[in-house]
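Notes follow once the structure below has been shown.
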Amino acid sequence: MSCPVKRERDLWGRAPRAFMLGALVALLAACSSAGNAPASTAKLGSPAEVQVPLDGSLVTADGTWAVVKMGHLDQLANSFWQLLVLRRGGSRWKLATPPGFADNGGLVATPNEGTSLVTGFPANQLNRFSPLAATSDGGRTWAPGVLGQGLASVPDAMAASITGEILVLVGGQAGSILWSSGNLSDWHTLATEKSIATSAFSRSCAVAGLTAISFASGGLPIAGATCSRAGDVGIFEHADGTWRSIAPRLPAPMSQATTQVVRLTSSSGTVTAIIAAGTRSRTALFAARLLPGQSQWAVSGALIVPKSAQVLSSGTSSSGGGVFVALSNGISERVEVQATSNSSWVQLPTVPDGTGTVAFTPDGRVDALVPRESVLTDYTLEANQGKWERSQVIQVPIQYGSSS
């Protein structure tokens, strides 16, 4: 089967019809085999202004994790990020937020093999440190840790390797990358924004800030950045004591745009980046993938996004490198899925009002999680019907006024 490729399209101006779930799942499967200060929304202006909220979800071989902002969303002190898990083969979401942590500063999570997950909480109000927690049993129990600096409020501020090493991004965009052998309270500086920017192998980007971290398939640390020099993408690999560019080239007509790496993830050896590229007239999103053992990235066609649009959530749609982005134009919300570089961005049916994030399972189920203060409602996209059906309601215990 050949996957349809539409190199470039406007999200609301010339969007194709929404696919039914059965067709969507079949398309994604066929294509895959072929080949911040916390905010609920963030405007897409020039790439340097793009901020992706912490809300999102990630797929692992053992299930799906979701991060959703709940509480009084218009009140910073009374908004709390929650972690949920849907284990493989299960049908019900379970609340898995690590207990005893102040989570109204945000919540960041990264998988660490099997049912393991490492979470971190960006610095909260007057705090200048970030508590951490790790689970090895799918969120049933948690082991604590601490980071002496504030974790960056970006979705990919943490990364774990298959050997247990952990990276964290601290201090915001002009911050540092810290490394640990696996001990959540023993951290060492691996790099700073300045040390990456001044490396002889990465100067062409003119790094304007660090935005994401991950591990390459060989276990080497990689970092995503904003490039202030047009025509370059900021993805760097740490090898032999220095940082060198391993970034892809974007296709025309955005090849001379300024760029920002807004997501950078690694799953099953495949590294996937979501790259925002912008000119004065428009912004586009690209999905780029680097397969294990390969040196050349495969880059998707452009998803052109109006300047007035907002990012609502993002994450992975499969354990093999598929990604999604949820956006809003202020009137309606749309979710775009990108399975592989050989496929076009695929639009899901319009999600329920107030959706915090969508979430995908390893077996192809698609859910929309809708927070309303302390109540989280789960809607499942029904096969062959193209509509969302309510499947679960979760009461989340939130202690308003408990922020510190």
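The values are calculated or read from the model by the stated rules, or taken from the named source; none is laboratory data. Small disclaimer: the values here were computed from a predicted structure and weren't measured. Because the Cβ atoms are built from the backbone with ideal geometry, glycine has one as well, and the counts that use them run over all protein chains shown.
For segment 81-92, the set of residues classified as of a type outside the set (A, V, I, L, M) and over 18 Å from Leu312 (Cβ atoms) consists of Arg87, Arg88, Gly89, Gly90, Ser91, Arg92, listed by residue number. Report, by residue number, each residue of segment 83-97 that is over 18 Å from Arg390 (Cα atoms) and either among the hydrophobic types (A, V, I, L, M, F, W, C) or surrounded by 15 or more Cβ atoms within 10 Å (Cβ to Cβ) (or both). Leu83, Arg87, Arg88, Ala96, Thr97, listed by residue number.
Only one of Ala284, Ala273, Ala277, Ala302 is closer than 17 Å to Ser202 by Cβ and of a type in the set (A, V, I, L, M, F, W, C); which? Result: Ala273 is the single residue among Ala284, Ala273, Ala277, Ala302 that is closer than 17 Å to Ser202 by Cβ and of a type in the set (A, V, I, L, M, F, W, C). Applying the criterion of being outside any strand (DSSP E or B) and among the β-branched types (Val, Ile, Thr) to the residues of segment 22-60, the residue that is modelled with the highest pLDDT is Val52.
Does Leu132 qualify as being hydrophobic (A, V, I, L, M, F, W, C), under 19 Å from the mean Cα position of the chain (by Cα) and either closer than 21 Å to Ala66 by Cα or surrounded by fewer than 22 Cβ atoms within 10 Å (Cβ to Cβ) (or both)? So Leu132 fits the description; yes.
Just to confirm my filter: which strands (runs of 3 or more DSSP E) fall fully inside segment 146-189 and include at least 1 residues that are surrounded by 15 or more Cβ atoms within 10 Å (Cβ to Cβ) and in contact with a His (Cβ under 6 Å, 6 or more places away or on another chain)? Break it down stepwise before answering.
Details: elements: 158-160, 166-170, 176-180.
The qualifying strands (runs of 3 or more DSSP E) are 176-180.
Picking from residues in segment 310-337 that are modelled with pLDDT under 80 and either out of contact with any Leu (no Cβ under 8 Å at 6 or more places or on another chain) or more than 17 Å from Leu381 (Cβ to Cβ) (or both), the one that is surrounded by the most Cβ atoms within 10 Å (Cβ to Cβ) is Gly320. Would you check if Thr141 is exposed (fewer than 15 other Cβ atoms within 10 Å of the Cβ) and under 19 Å from Leu84 (Cβ atoms)? Judged against the criteria, Thr141 is a match.
Given the structure, is Ser199 surrounded by fewer than 24 Cβ atoms within 10 Å (Cβ to Cβ), farther than 24 Å from Pro144 by Cα, hydroxyl-bearing (Ser, Thr, Tyr) and in contact with a Phe, Trp or Tyr (Cβ under 7 Å, 6 or more places away or on another chain)? Answer is yes for this residue.
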